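Each remark here refers to the structure printed beneath this line.
The values are calculated or read from the model by the stated rules, or taken from the named source; none is laboratory data. From a predicted model like this one, the values you see are computed outputs, not experimental measurements. In this analysis, Cβ positions are derived from the backbone assuming ideal geometry, glycine residues included, and neighbour counts consider all displayed protein chains.
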Amino acid sequence: MTAARSLAGRRRLSQAELDMIVTAHEKFVTGKQGGKRASLRFMNLSGLDLSFRNLADADLSASILDGCRMVRTKLERASLFGADLRKADLRQAILVRADLRGACLRGANLSQADLTQADFREGQVAVPHPRKGLESCRHEARTGEVDEANFSGATLDGSQFSGVSAFKADFSDCSLRGAKLSGANLKDANLTGAILDGADVSGANLEGANFTGAVMTGVDTSGARTSGAEMQGCLTASTAQAVSQADEIHRRCLDNQVWCRTGGKEGAPARLDGEDLRPLGDRLKGLRLTAMSAVGACMVGIDLSGAQLQGANLQNADLRTANLRGADLRGAKLSGANLTKADLRQASLSPLPLGPERKTVANLTATRLRYALLQAADLSEAVLDGADLRGADLTGARLTKTSLRGCDLSQVQGLDFAPA
């Protein structure tokens, strides 16, 4: 270990000592008697377990946390300035607006962590003297380092990554909306399927990075180094034609609603196959769109919360980050659709009755549901054979007679049964 990452001058805490400090901090956070804010600066906490604990607003500046287990730890607004978090397990941790300036997260696992507005930029770090320890510190500028870290499925919206080294880091299927990546080193990074709307990559090193299938709306790569970067299938801004057609498509959807209301006497089901529906934004929220067809449509990020989509055909549609909360999708066809990071909380995907002893089940065969929110959704009798559910949250979901053949459920949250 180099002097920059030295343990000199850092007090080693036992797990029992750390637990006492954290318990007092949790009382402080919740306003209970006997609470005290945790001050864990310049500590050696390597290899200890902080999983599921609440360390919001705690100070862990310049501490050694390498190899720490911090699964689902709450670290909102916490100071991790100059901390050593190499190979730490931070899966699903909450690091909203955390101060990570000058921190080292090389090889750390931050899969599905919430790092909204976290700051990873350069920091002036105090380095203890090798022999005299904290009595004789020197200060050095240190860039944030996340080389080979795993951010798959994480949320990094609005984060500050300017000048950060993220060589070979895994950002697959994560959200980097509005992130500041100017001057960052993303050489050979994996950004497949990442959401980069409005991200700033000016002066960044993107050489050899994989952006296959990434959403790049409003991203200007002209000032970045892109030699050898894979950009196939990237989704860019809606065309002028798609924007100009938004009102006409909305009218078709309103006709669908009339068709529903009049029992088919007026209006007609909307036919939107292959259309770019992103310019509609939230205009379809709560509409009656029974039997709508939007095969292969681009619906990334649109708001369909509360919509009635019974029997709708959404096969192969791109619904990444779409809001389908509380939507009625009984009997819907979603085979091959991409619902990565979509919100399907309280959605109904149970069978659609068609008459006496007749019904049609929701078909999600080979659907991509990575990191999707499915809490309290009704998936009764739905067919999810071959679906990609890794990282999805099924807490409280109804799974009566649900078919999950060929699914990888190893990272699914909320399952209370052993997969067959």
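What to note about this one:
- Qualifying residues in the stretch 237-286 (those that are assigned to a loop (DSSP other than H, G, I, E, B) and hydrophobic (A, V, I, L, M, F, W, C)) - the one surrounded by the most Cβ atoms within 10 Å (Cβ to Cβ): 277
- Hey, residue 45 at pLDDT 95 or above, over 22 Å from the mean Cα position of the chain (by Cα) and surrounded by 24 or more Cβ atoms within 10 Å (Cβ to Cβ) or not: yes
- Every residue from the stretch 13-42 that is of a type in the set (A, V, I, L, M, F, W, C) and within 17 Å of residue 59 (Cβ to Cβ): 13, 18, 20, 21, 22, 24, 28, 29, 38, 40, 42
- Residue, surrounded by the most Cβ atoms within 10 Å (Cβ to Cβ), within the stretch 121-150, restricted to residues that are at pLDDT 95 or above and among the hydrophobic types (A, V, I, L, M, F, W, C): 146
- Under the condition of being buried (at least 24 other Cβ atoms within 10 Å of the Cβ) and farther than 14 Å from residue 37 by Cβ, the residues counted in the stretch 65-85 number 9.
- Residues in the stretch 378-408 that are within 23 Å of the chain's Cα centre (by Cα) and not in a loop (DSSP other than H, G, I, E, B) were compared, and the one that is surrounded by the fewest Cβ atoms within 10 Å (Cβ to Cβ) is 388.
- The one condition in (1) touching a Ser or Thr at 6+ places or on another chain (Cβ under 7 Å); (2) basic (Lys, Arg); (3) at pLDDT 95 or above that residue 77 fails to fulfil: (1)
- Answer from 39, 51, 14 - the residue that is over 22 Å from the mean Cα position of the chain (by Cα) and either at pLDDT below 95 or under 30 Å from residue 411 (Cα atoms) (or both): 39
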